[in-house]
Amino acid sequence: MEKIRLKLLDSGNFLMEEAYKALRTNLQFCGKDIKTVAITSCDENEGKTTIVLNLSKELSQLGKKVLVVDADMRKSVVVGRNTSAANVTGLSEFLSGMEKVENSIYATQYDNFQIMFAGKYPPNPVELLSDPYFSQFLQMARDTYDYVIIDTPPLGRVIDAAVIASICDGTILVMDEGRTRIREAQEVVGQLKKSGGKILGVVKNKTRRTGKAYARKGNRYGYGYGYGYGNKRST
């Protein structure tokens, strides 16, 4: 398996890494049957991809075998922003039958942490994700890995995330507290419910609160500014 090096935003910041550990713990408390997890947002630039990668790193450091699947085949930023890899194949090539699965998954510098990139932009992303071939792949991955974390396109823009959520064990919604409107969030939650997806919780990103940095209210997890996901670099 070819190895690539990931460049993770927030890596090395103690307070932020502690918040990712808290998110990791919350995910584990969702139950041992929660293994395939879709992570989506209402809109772009809410921190979804940064959270996917850092959460997966934290899970792998517990000895969990983790596969990240970049399912944003329309507008992925992972290769360009989070690696220096070039000419990689990924999900679109695999689902199109152009490449074998073993040639589409890459090891990283973190033990137990592997990744499948989005691949080249296909003309029919929703059709590829709706094909039984994708659900069969997720079932295979579920049997092989402890966690399969899927980075999806924003559900407020395209329907892809709802298609993915319908065949996952659960979904996490990332919200930028400073920009996501309540109505937008309600519409996304409604779409997830309509698809039959199980909502595990909401990560409130880039919060401006001071004082207590972490709080739990029902199934909502908030992370204070400067502690966890409160930076403006997340993508």
Notebook entry, point to check: Limited to the range 23-59, what total is found for residues that are open to solvent by less than 10 Å² (accessible area, probe 1.4 Å), without any contact (Cβ under 8 Å) to a residue 60 or more places away in the chain and under 19 Å from D169 (Cβ atoms)?
Noted result: 1
Note to self: Can you go through E58, E46 and tell me which one is more than 17 Å from A118 (Cβ to Cβ) and at pLDDT below 95?
What the structure shows: E46
Check: Which is among the aliphatic types (A, V, I, L, M), surrounded by fewer than 24 Cβ atoms within 10 Å (Cβ to Cβ) and either free of Cβ contacts under 8 Å to residues at least 40 places away in the same chain or closer than 17 Å to Y147 by Cβ (or both), of L62, L91?
Finding: L62
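Any chance the range 112-133 includes a residue that's under 22 Å from N26 (Cβ atoms) and either open to solvent by 30 Å² or more (accessible area, probe 1.4 Å) or at pLDDT 95 or above (or both)? Step through it out loud before you land on a result.
Step one: filter the range 112-133 for residues under 22 Å from N26 (Cβ atoms), giving 112-113.
Remaining after also requiring either open to solvent by 30 Å² or more (accessible area, probe 1.4 Å) or at pLDDT 95 or above (or both): 112-113.
Checked against the condition, which is being under 22 Å from N26 (Cβ atoms) and either open to solvent by 30 Å² or more (accessible area, probe 1.4 Å) or at pLDDT 95 or above (or both), the range 112-133 yields at least one hit.
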Notebook entry, point to check: V69 fails exactly one of the following numbered conditions: (1) among the hydrophobic types (A, V, I, L, M, F, W, C); (2) over 26 Å from V189 (Cα atoms); (3) surrounded by 17 or more Cβ atoms within 10 Å (Cβ to Cβ). What is the number of that condition?
Noted result: (2)
Item checked: Failed condition for E18, given (1) open to solvent by less than 60 Å² (accessible area, probe 1.4 Å); (2) out of contact with any Ser or Thr (no Cβ under 9 Å at 6 or more places or on another chain); (3) in a helix (DSSP H, G or I) -> (1)
Item checked: Of all residues in the range 1-15 being modelled with pLDDT of 90 or more and not in a loop (DSSP other than H, G, I, E, B), the one that is surrounded by the fewest Cβ atoms within 10 Å (Cβ to Cβ) -> K3
Check: Quick one: would you say V174 is touching a Lys or Arg at 6+ places or on another chain (Cβ under 9 Å) and under 21 Å from F117 (Cα atoms)?
Finding: yes
Next item on the list: Starting from the range 116-133, take each residue that is closer than 15 Å to T152 by Cα and list its partners that are open to solvent by 80 Å² or more (accessible area, probe 1.4 Å), counting only C-beta distances under 6 angstrom and pairs at least six apart or across chains.
Entry: P125/R74
Checklist line | Segments classed as strands (runs of 3 or more DSSP E), wholly inside the range 144-235, with at least 2 members that are at pLDDT 75 or above and within 26 Å of M16 (Cα to Cα) | finding: 147-151, 170-176, 199-205
Check: D143: of a type outside the set (V, I, T), within 19 Å of K65 (Cα to Cα) and open to solvent by 20 Å² or more (accessible area, probe 1.4 Å), yes or no?
Finding: yes
Note to self: Taking the criterion of being out of contact with any strand residue (DSSP E or B) (no Cβ under 7 Å at 6 or more places or on another chain), closer than 28 Å to K32 by Cβ and aromatic (F, W, Y), would at least one residue in the range 111-125 satisfy it?
What the structure shows: no
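The values are calculated or read from the model by the stated rules, or taken from the named source; none is laboratory data. Just so you know, these numbers come straight off a predicted model, no measurement behind them. Glycine gets a Cβ as well: all are built from the backbone with ideal geometry, and neighbour counts include every protein chain shown. Just so you know, the surface numbers come from the protein's heavy atoms only, side chains and all, with ligands and any DNA or RNA stripped out. Shrake-Rupley method; radii C 1.70, N 1.55, O 1.52, S 1.80 Å.
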